[in-house]
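What follows is a single structure, written as structure tokens, with notes after it.
Nothing in this text is a laboratory measurement; each read-out follows from the coordinates by a stated rule. From a predicted model like this one, the values you see are computed outputs, not experimental measurements. Using ideal geometry, Cβ is built from the backbone for each residue, glycine included, and neighbour counts are taken over all protein chains shown.
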Amino acid sequence: MQISPKSLYIVSTPIGNLEDITLRALAVLKRSDIILCEDTRHSIKLLNHYKIKKKLVAYHKFNEKKQILPIIKYFNEGKILSLISDAGTPLLSDPGRLLVNECLTNNINVTPVPGVSSITAAMSISGFKDQFLFYGFLPKTLNQLEKVLNSLSNNQYALVFFIPSNKVNFYLKNFKKFFSGRKILIAKEITKIHEAFIRDDVDNLNLIKTPLKGELTIIISDQKIRSNIFDEEKIVNKAKKYLKIYSLKDTVNIISETNKINRKKAYDLCLKIKNEKNY
């Protein structure tokens, strides 16, 4: 396997079960000169499990701007660097975007090493349609949350969110408000010992009384598009009634607007009734 110097590898790591890591990911980590990680205390557990001894450098949302120049210096020295997050695929609601863009600006190779993601793991067992929108972490304040959920409420695709477990009921209350008629999947501790999936209709979902741990992956199902069924008998009866009161033109307008049907279709129907002269 070829690993290039002056390269940044975006390496996916397990989201719980330490066995969920690819052979390629292990090879890249072993060949890296430096491994950037959110929390060195957390990442060392994974590296120790696979007997990987490399220099760890903390890279997280609180220091990512400050770390850019020192990291670019490593690349200029011909170093191989890997970026990992605490769990799953880096940059998906995790730091790293600034670094990737800086690398691209400086003609430094950026290579993905795919693997585990709670997003795709949860979607794969959801039973929902596979067209989905990943939003990530939702706002923490009610005002901002309502704005976001309102803008997403008419989106027909499945929606994937991350939320902290200690605020789960705060979000569930608002899901019930904005996603009525849809289904929900709550995935907790995916791949871990206490892994669990809670499935329900959004309208029937009760608030959770038992404390949950960690971050939750929430999926709201795709929106069922209600088709407008053309009930011709019902429309004919309405048209007969209106033609006794209004002109053909006015009747066509009323039928078209109130029944959400094509105006030509409404006109042809009303004209046929009018010509029969027995209404």
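For VAL110, the amide hydrogen comes within under 5 Å of the amide hydrogens of LEU8, counting only partners 5 or more places away or on other chains and with H modelled in the peptide plane. Name the shape class, rounded, prolate or oblate, that the alpha-carbon gyration tensor gives for the range 7-116, where a ≥ b ≥ c are the square roots of its eigenvalues, rounded holds for a/c under 1.5, and otherwise prolate holds if a/b is larger than b/c and oblate otherwise. In terms of gyration-tensor shape, prolate. Using 0.36 nm per residue and subtracting the Cα-Cα separation, the extra length available between VAL110 and LYS73 on full extension is 11.8 nm.
Taking K and R as +1 and D and E as -1, what net charge do the other residues with C-beta under 13 Å from the C-beta of LEU212 add up to?
Spelling it out: positives minus negatives among the neighbours equals +2.
Each peptide among 125-132, 200-207 gets the average number of other Cβ atoms lying within 10 Å of its residues, and from highest to lowest they stand as 125-132, 200-207.
Rounded to whole numbers, the Karplus 3J(HN,Hα) couplings from phi for the range 103-118 are 4, 4, 5, 9, 6, 9, 4, 10, 10, x, 10, x, x, 5, 8, 5 Hz, using 6.51 cos²θ - 1.76 cosθ + 1.60 with θ = phi - 60°, and x at Gly and Pro. Annotation: extensible slack from LYS224 through GLU257 equals 9.6 nm (criterion: 0.36 nm per residue apart, minus Cα-Cα distance). Placing unit charges on the Cβ atoms of the charged side chains and taking the dipole of the chain about its Cα centre, the candidate lying farthest along the positive direction among SER82, THR120, SER12 is THR120. Ordering PHE197, PHE178, PHE75 from the fewest to the most neighbouring beta carbons within 10 Å gives PHE197, PHE178, PHE75. Taking label positions 7 Å along the Cα-Cβ direction at both ARG199 and GLN144, the computed distance is 3.4 nm, reported to one decimal. One chain, two ends: LYS240 and VAL100. Fully extended at 0.36 nm per residue, the span grows by 43.7 nm beyond their Cα-Cα distance. Karplus-based coupling profile of the range 26-32, in residue order and whole Hz: 5, 5, 5, 5, 5, 8, 6, with θ = phi - 60° in 6.51 cos²θ - 1.76 cosθ + 1.60 and x standing for Gly or Pro. Of ILE35, ILE261, the sequence from fewest to most neighbouring Cβ atoms within 10 angstrom is ILE261, ILE35. For the chain, adding -39500 (n - 2.57) for each run of n ≥ 4 DSSP H residues and dividing by the number of residues yields -11500 deg cm²/dmol at 222 nm.
Take the alpha carbon gyration tensor of the range 232-276, find the square roots of its eigenvalues, order them as a ≥ b ≥ c, and report rounded if a/c is under 1.5; if not, report prolate when a/b exceeds b/c, else oblate. Rounded is the answer for the range 232-276, as its axis ratio a/c remains below 1.5. Looking at the chain, which longest stretch skips every one of the GluC sites (Glu not before Pro) that is in a DSSP loop with at most 13 other Cβ atoms within 10 Å, leaving the sites themselves out? Counting at most 13 other Cβ atoms within 10 Å as exposed, the longest clean stretch of the chain is 78-194. Within the range 161-249, the trypsin sites (Lys or Arg not before Pro) that combine a DSSP coil assignment with at most 16 other C-beta atoms in a 10 angstrom radius are LYS192, LYS209, LYS213, LYS224, ARG226, LYS244. Label zone of PHE62 (point 7 Å out along Cα→Cβ, amide N under 16 Å): in the range 1-39 this covers 37-39.
Using only Cα atoms, tell me the angle between helix 168-178 and the longest principal axis of the chain; keep it within 0 to 90° and round to the nearest 10. Once rounded, the angle reads 30 degrees. Close amide-amide hydrogen proximity is noted between LEU216 and ILE163, SER165, each under 5 Å apart and 5 or more residues distant or on a separate chain (H modeled in the peptide plane; Pro and chain starts excluded). Exposure proxy shown here: for SER85, SER117, the number of other Cβ atoms within 10 Å sets the order, fewest to most, as SER117, SER85.
Relative to the longest principal Cα axis of the chain, at what angle does helix 64-76 sit, 0 to 90 degrees, rounded to 10? That helix lies at roughly 60 degrees to the long axis.
So if we plug the beta-carbon distance of ASP86 and SER124 into 1/(1 + (r/R0)^6) with R0 = 35 Å, what FRET efficiency do we get, rounded to 0.05? According to the calculation, E is roughly 0.95. Any of LYS61/LYS173; LYS30/LYS188; LYS249/LYS272; LYS65/LYS167 with alpha carbons more than 19 Å apart? Name them for me. In this structure, LYS61/LYS173; LYS30/LYS188; LYS65/LYS167 exceed 19 Å between Cα atoms. Put a plus charge on the Cβ of each Lys and Arg, a minus charge on the Cβ of each Asp and Glu, and nothing anywhere else: the dipole of the chain about its Cα centre is then about 640 debye.
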